[in-house]
Structure formats: structure tokens, C-alpha cells
Amino acid sequence: DFDKENTGTVTRNQMIKALSSRKMLELLSTREIDTIYKCFSIERAGSIQLSYRAFLRALELFQNNKKMLPF
């Protein structure tokens with residue numbers, strides 16, 4: 001589990017490790033990873049972290065709508 005405190009956020013390194021552990025990292029370019037991190041990051045405890053809950057909500061909306069919408 002990459003979010004042991006259940007905050008809904010992970011660091012950039014934790015995001016990369018999570019994607020890698022699920023064999024998804026190789027499907028994304030560095031630019032795509034940077035864009036995801038930039039679009040879904042928030043400041044938490046003085047550092048920038050990825051809000052994976054917001055990211056997952058966006059993916060769910062995308063899947064439910066079945067059409068491409070720019071982020």
C-alpha cells in the first residue's frame with residue numbers, strides 16, 4: 001500500500017512505484033507522467049503530492065463517458 005495513512009495522496013516516487021508494480025509505467029511516456037502529476041497534484045504538509053483519488057475520479061468519468069476529453 002502506497003498510502004499507508006489513507007490521505008488520498010502519494011509522492012511522485014510512490015506514484016511511479018505503483019504504476020511500475022502494475023506494469024503500467026512502461027505504457028506512459030515521461031511527458032505523460034509529468035502531465036498527470038502536474039494536473040492532479042496538491043500541496044500537502046509542505047510538499048507537492050499526487051491526489052490519486054482525483055486522478056481515479058477523472059479516469060472513471062472518462063470511462064463512463066466513453067469519449068475523449070482533454071484534461
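Read-outs: derived from the displayed coordinates by stated rules, not from any lab. Computed from a predicted structure; not experimentally measured. FYI the Cβ positions are ideal-geometry reconstructions off the backbone, even for glycines, and counts take in every protein chain you see.
What does the net charge come to around Met24 if you take all other residues with beta carbon closer than 13 Å to its beta carbon, with K and R at +1 and D and E at -1?
With Lys, Arg at +1 and Asp, Glu at -1, the neighbours total +1.
Using helices alone, what [θ] at 222 nm do you get for the chain, with -39,500 (n - 2.57) per DSSP H run of 4 or more residues, divided over all residues and rounded to the nearest 500?
Roughly -14500 deg cm²/dmol at 222 nm, from the helical runs in the chain.
Can you divide the C-alpha Rg of the chain by 2.2 N^0.38 Å and report the result to two decimal places?
Rg over 2.2 N^0.38 Å, computed on Cα atoms: 1.12.
Can you give the FRET efficiency for Glu60 and Asn13, using 1/(1 + (r/R0)^6), R0 = 22 Å, r = Cβ-Cβ distance, to the nearest 0.05?
Given R0 = 22 Å and the Cβ-Cβ separation, E is 0.35.
Please state the charge dipole magnitude for the chain, taken about the Cα centre, from unit charges on C-beta atoms (+1 on K and R, -1 on D and E), reported in debye and rounded to the nearest 20.
180 debye
Excluding Ile48 itself, what net charge comes from residues whose Cβ is under 13 Å from its Cβ, given Lys and Arg +1 and Asp and Glu -1?
Cβ neighbours under 13 Å give a net charge of +1.
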